[in-house]
Amino acid sequence: QVQLVESGGGLVQPGGSLRLSCAASGTIFSISAMRWYRQAPGKQRELVATITSDGGTNYADFVKGRFTISRDNAKNTVYLQINSLKPEDTAVYYCNADLRIRMNYMLQQYWGQGTQVTVSS
């Protein structure tokens, strides 16, 4: 059984910052890519950022230098630092990971339950 649990969301004023965390637990042999997605009300879920197992990163164009994804492989945890928050960043933020539960098993994708980020004055 594998679980991804996000934390760190909340209500923040425009211009503020948040650090989201997502910890993977359970039967895990290895984790490949980890990602953050977000879904705003009435909109499709969109990819925010990706980080590979060796630390390579990629960001959506709308991030524009405000978001930083990082990971701690020893803790099976991925982070998303969000600065200069805007009202349009309001969304549920989900983490996602490609992982193997055993050696030689196929990579499978797992999702967290999401954490709400609300940007409002």
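Numerical summary
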item: Distance between modelled label sites at residue 39 and residue 11, nm, 7 Å Cα→Cβ extension; result: 2.4
item: Per residue solvent-accessible surface (Å²) - the stretch 26-89, probe of 1.4 Å; result: 54
item: Stretch gain in nm, segment residue 54-residue 1, where the contour uses 0.36 nm per residue and the Cα spacing is subtracted; result: 16.6 nm
item: Sites residue 81 and residue 107 - FRET efficiency at Förster radius 30 Å, r taken between beta-carbons, to 0.05; result: 0.70
item: Residue 46-residue 62 pseudo-label distance in nm [points 7 Å out on the Cα-to-Cβ vector]; result: 0.2
item: The chain, relative contact order [Cα under 8 Å, separation at least 6], %; result: 37
item: Beta bridges by DSSP in the chain, antiparallel share as percent, to the nearest 5; result: 95
item: Accessible carbon and sulfur surface of the chain relative to its total accessible area, %, 1.4 Å; result: 46
item: Centroid-to-centroid separation of the stretch 2-17 and the stretch 67-121 [C-alpha atoms, Å]; result: 10
item: Protection proxy ranking of 92-98, 61-67 - average other beta-carbon atoms within 10 Å, highest first; result: 92-98, 61-67
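The values are calculated or read from the model by the stated rules, or taken from the named source; none is laboratory data. Everything numeric in this text was worked out from a predicted model, so none of it was measured. When we count neighbours, we look across all protein chains shown, and the Cβ atoms used for this are built from the backbone with ideal geometry, even at glycine. These accessible areas exclude ligands, DNA and RNA; they are computed on the full protein's heavy atoms, side chains included. Shrake-Rupley method; radii C 1.70, N 1.55, O 1.52, S 1.80 Å.
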